[in-house]
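To keep things clear, I will list the structure first and then write my remarks on it.
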Amino acid sequence: MQKGYTRLLGIIGKPNTGKSTFFSAATLALAEIANYPFTTIKPNRGIGYVRTPCVHPEFKVDDNPRNSLCTNGIRLVPVELIDVAGLVPGAWEGRGLGNQFLDEIRRADALIHVVDASGGTDCEGRVCRIGEHDPLEDITFLEREITMWIAAILKKDWAKIARTAEADKKGIYGLLEDRLSGLGIKRGHVSEAARKTGLNPDKPTSWSDAEFEKFVDALRKVSKPMMIVANKVDLPPAKANIERLRKLDYTIIPCCAEAELALRRAAEKQLIDYKPGDSNFQITQSEKLSPGQIKALETIKEKILLPNGSTGVQDAINTAYFKLLNMITVYPVEDLEHLSDHNGKVLPDVYLVPYGTTAHQFAYLIHTELGESFIYAIDAREKRRIGEAAILKDRDVISVVSARKRT
Ligand SMILES: Nc1nc2c(ncn2[C@@H]2O[C@H](COP(=O)(O)OP(=O)(O)OP(=O)(O)O)[C@@H](O)[C@H]2O)c(=O)[nH]1
Ligand SMILES: [Mg+2]
């Protein structure tokens, strides 16, 4: 995995919505896919990609990508995805595959909630008549499951935590950070949740049960940001459901995971020219395709790519990184003239870092020693010096000047 701040994306939702299809399409890893609930039991982990326009055409150089891929000016930066078992109502109390599922998303930094926008699966993921189930119900249920799961972890000894927080100088932020570190929840998340709910962090013993739940719900939102992938757009009721989903306070990405999987597999066999996220494809070896396969590909083009602009899978991963997690891409180079590293490799790496990363923090990411001996950095586009506190921008190309030579 690349250097920089890697993040884990969790693909979650009730059973049978297309999570593993989405995962396979994004990673090309083999994952079991079937039209019944609980096909996935053990989680699948794999590598997908964030797609970004590479800087090499702008700088008029040819590049030698190392930690990422570059084709026709498109950089694909590897990122990790986890596809877990479906979640059913009551999972937090152990129903279905319950807590096991929840435990697997402990480390996820952002959640991609895959819903069946066609309404063809009931609240437990069993097949029903298309359009029969309301996917909006799946949103509220999933939010509640995760909130209740976090609440259950805290509830056991909440009274003690609240009392200690008032006596101990660590306070509620420090105590909850310790308590929830296994869930990737940090002090900043806890303080933001308290601020958002307007609860007094110095007096947690005074919080009512309802306030405690409101606080945990806010904590879920800030620590596990979530977006919605409205899958199965190829089925007619999806369109109207997506309009309704758009009224919610979530980023909604219309998606046809099945189409992306077909395109990615055809591209892998070099039958078509298609990069993840493209709005179109070209058949390159029509002689190797049966008339049925050609027809299926044409249908994907007409019914999915043309009306929606893409299948939505790549869009979802990009949205998770660039919008939910607010990350940017930055290219480190050593030699400013050639935009290369010390081996002459041009624009070898691109790092994903959170917006707000400074030039000095970036130097630490490249190499601890480079951070320690940092003098200034140079922005290769503007050809000017930037100081340690300068905040980097998306697609910056940065060279760090340090007091010590790197070995
Ligand atoms: N029409 C349509 N069907 C899809 C799409 N994506 C997935 N499916 C189908 O939905 C069914 C469930 O897909 P899976 O990927 O196994 O779903 P899952 O959410 O991983 O299911 P569990 O592992 O049981 O929780 C399969 O029959 C898929 O072929 C899509 O975009 N459109
Ligand atoms: Mg699955």
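Does at least one position in the stretch 142-159 carry a residue that is of a type in the set (S, T, N, Q), away from ligand 2 (no atom under 16 Å from the Cβ) and in contact (Cβ under 8 Å) with a residue 24 or more places away in the chain? Break it down stepwise before answering.
If we filter the stretch 142-159 for residues that are of a type in the set (S, T, N, Q), which is where we start, we get 147.
Pick out the ones that are also away from ligand 2 (no atom under 16 Å from the Cβ) and you get 147.
If we keep only those that are in contact (Cβ under 8 Å) with a residue 24 or more places away in the chain too, we end up with 147.
Yes: the stretch 142-159 contains one or more residues that are of a type in the set (S, T, N, Q), away from ligand 2 (no atom under 16 Å from the Cβ) and in contact (Cβ under 8 Å) with a residue 24 or more places away in the chain.
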Residue tally, condition more than 9 Å from ligand 2 (Cβ to nearest atom) and out of contact with any Cys (no Cβ under 7 Å at 6 or more places or on another chain), over the stretch 4-21: 9
Take the residues in the stretch 39-55 that are in a loop (DSSP other than H, G, I, E, B) and more than 24 Å from residue 274 (Cβ to Cβ), then tell me which one is nearest to ligand 2 (Cβ to nearest atom). 40
Are any residues in the stretch 10-31 near ligand 1 (Cβ under 6 Å from one of its atoms), open to solvent by 10 Å² or more (accessible area, probe 1.4 Å) and not in a helix (DSSP H, G or I), and if so, which ones? 16, 18
Output the residues belonging to the stretch 98-127 that are in a strand (DSSP E or B) and of a type in the set (A, V, I, L, M, F, W, C). 110, 111, 112, 114, 115, 127
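Give the residues of the stretch 194-213 that are open to solvent by 30 Å² or more (accessible area, probe 1.4 Å) and either touching a Leu at 6+ places or on another chain (Cβ under 8 Å) or small (Gly, Ala, Ser) (or both), sorted by residue number. Please lay out each step first, then the result.
Let us first name the residues in the stretch 194-213 that are open to solvent by 30 Å² or more (accessible area, probe 1.4 Å), namely 195-196, 198, 200-203, 205-206, 208-211, 213.
Answer for the stretch 194-213, where residues must be open to solvent by 30 Å² or more (accessible area, probe 1.4 Å) and either touching a Leu at 6+ places or on another chain (Cβ under 8 Å) or small (Gly, Ala, Ser) (or both): 198, 206, 208, 210, 211.
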Sole exception among (1) under 25 Å from the mean Cα position of the chain (by Cα); (2) closer than 27 Å to residue 100 by Cβ for residue 188, by number: (2)
Exactly one condition in (1) more than 14 Å from ligand 1 (Cβ to nearest atom); (2) among the basic types (Lys, Arg); (3) open to solvent by 20 Å² or more (accessible area, probe 1.4 Å) is false for residue 75; which is it? (3)
Which of the residues spanning the stretch 206-226 are over 22 Å from the mean Cα position of the chain (by Cα) and assigned to a loop (DSSP other than H, G, I, E, B)? 207, 208
Within the stretch 56-68, does at least one residue satisfy the condition of being within 13 Å of ligand 2 (Cβ to nearest atom) and surrounded by fewer than 21 Cβ atoms within 10 Å (Cβ to Cβ)? no
Show me the helices (runs of 4 or more DSSP H) found entirely inside the stretch 227-335 where at least 2 residues are open to solvent by less than 70 Å² (accessible area, probe 1.4 Å) and under 17 Å from residue 76 (Cα atoms). 257-268, 313-319
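Here is a list: 91, 85, 34. Which entry is within 13 Å of ligand 1 (Cβ to nearest atom), among the hydrophobic types (A, V, I, L, M, F, W, C), modelled with pLDDT under 95 and surrounded by fewer than 16 Cβ atoms within 10 Å (Cβ to Cβ)?
Working: 91 fails: surrounded by fewer than 16 Cβ atoms within 10 Å (Cβ to Cβ); 85 fails: surrounded by fewer than 16 Cβ atoms within 10 Å (Cβ to Cβ).
Going through 91, 85, 34 in turn, just one is within 13 Å of ligand 1 (Cβ to nearest atom), among the hydrophobic types (A, V, I, L, M, F, W, C), modelled with pLDDT under 95 and surrounded by fewer than 16 Cβ atoms within 10 Å (Cβ to Cβ): 34.
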Of all residues making up the stretch 69-97, the number that are assigned to a strand (DSSP E or B) and either aromatic (Phe, Trp, Tyr) or more than 16 Å from ligand 2 (Cβ to nearest atom) (or both): 10
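Being closer than 23 Å to residue 102 by Cβ and open to solvent by 50 Å² or more (accessible area, probe 1.4 Å) narrows it down to one residue among 217, 178, 157, 168; which is it? So that I can check it myself, show each step before the final result.
Numbers: 217 fails: open to solvent by 50 Å² or more (accessible area, probe 1.4 Å); 157 fails: open to solvent by 50 Å² or more (accessible area, probe 1.4 Å); 168 fails: closer than 23 Å to residue 102 by Cβ.
Just one listed residue meets the conditions, 178.
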In the stretch 54-65, is there at least one residue being over 24 Å from residue 251 (Cβ atoms), modelled with pLDDT of 95 or more, of a type in the set (Lys, Arg) and more than 10 Å from ligand 1 (Cβ to nearest atom)? yes
Restricting attention to the stretch 37-53, report how many residues are within 13 Å of ligand 1 (Cβ to nearest atom) and open to solvent by 60 Å² or more (accessible area, probe 1.4 Å). 3
Among residues belonging to the stretch 336-353 that are within 15 Å of residue 65 (Cα to Cα) and part of a strand (DSSP E or B), point out the one that is nearest to the chain's Cα centre (by Cα). 352
Hits in the stretch 371-398 - residues which are buried (at least 18 other Cβ atoms within 10 Å of the Cβ) and touching a residue at least 60 places away in the same chain (Cβ under 8 Å): 380, 392, 396, 397, 398
Subset of the stretch 40-59 (residues that are of a type in the set (Val, Ile, Thr) and more than 26 Å from residue 393 (Cβ to Cβ)): 40, 41, 47
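The values are calculated or read from the model by the stated rules, or taken from the named source; none is laboratory data. From a predicted model like this one, the values you see are computed outputs, not experimental measurements. Backbone-built Cβ (ideal geometry, glycine too); neighbour counts: all protein chains shown. All accessible areas refer to the heavy atoms of the entire protein, side chains included, with ligands and DNA or RNA removed. Shrake-Rupley method; radii C 1.70, N 1.55, O 1.52, S 1.80 Å.
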